[in-house]
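The values are calculated or read from the model by the stated rules, or taken from the named source; none is laboratory data. Given the structure is predicted, the values throughout are model-derived calculations rather than measurements. Here the Cβ is made from the backbone with ideal geometry for all residues, glycine too, and neighbour counts use every protein chain on show. Calculation scope for accessible area: heavy atoms of the full protein, side chains included, ligands and nucleic acids excluded. Shrake-Rupley method; radii C 1.70, N 1.55, O 1.52, S 1.80 Å.
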Amino acid sequence: GCTLDGKLYPFGEIVRTHNCFRCNCSPEAMRCCSLFHTPVGYDKEKCKVIFNEKSCDYDVVLKSDTSKECHVYSRV
């Protein structure tokens, strides 16, 4: 298997790791890509970014009321 952040994964495709990556584990290497996109275009004065481990994505919410979402213009 392959080890990522101290956790052992079996050979083959890993649909979702514990830290939100999709990986392919082979005897030669482990190749991974993230399942999330980082928000870059939003109102940074009124809003803040919180990582949601359940959805493997970033939530952009109002600083004054984190139950309300902010509009995101772009992600990378």
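Things worth noting here:
- Test: residue in region 59-73 that is of a type outside the set (A, V, I, L, M, F, W, C) and under 11 Å from the mean Cα position of the chain (by Cα): yes
- Among the residues of region 51-66, the ones that are loosely packed, with under 12 Cβ neighbours inside 10 Å, among the charged types (D, E, K, R) and over 30 Å from Cys2 (Cα atoms) come to 1 in all.
- Checked against (1) at pLDDT 95 or above; (2) loosely packed, with under 11 Cβ neighbours inside 10 Å; (3) within 23 Å of Lys7 (Cα to Cα), Ala29 passes all but a single condition, namely (1).
- Where a residue in region 8-22 is farther than 15 Å from Cys56 by Cα and of a type outside the set (A, V, I, L, M, F, W, C) and its partner, wherever it lies, is assigned to a strand (DSSP E or B) and open to solvent by 100 Å² or more (accessible area, probe 1.4 Å), with Cβ under 9 Å and at least six apart: Glu13/Arg22
- For region 13-26, filtered to residues that are among the charged types (D, E, K, R) and loosely packed, with under 12 Cβ neighbours inside 10 Å, the residue that is nearest to Thr66 (Cα to Cα) is Arg16.
- Lys48 meets each of the listed conditions (1) more than 18 Å from the chain's Cα centre (by Cα); (2) open to solvent by 70 Å² or more (accessible area, probe 1.4 Å); (3) at pLDDT 95 or above apart from (1).
- The residues in region 32-45 that are within 14 Å of Phe21 (Cβ to Cβ) and surrounded by 14 or more Cβ atoms within 10 Å (Cβ to Cβ) can be counted, and the count is 3.
- So Asn19, is it within 20 Å of Val76 (Cβ to Cβ) and either assigned to a loop (DSSP other than H, G, I, E, B) or modelled with pLDDT of 95 or more (or both): yes
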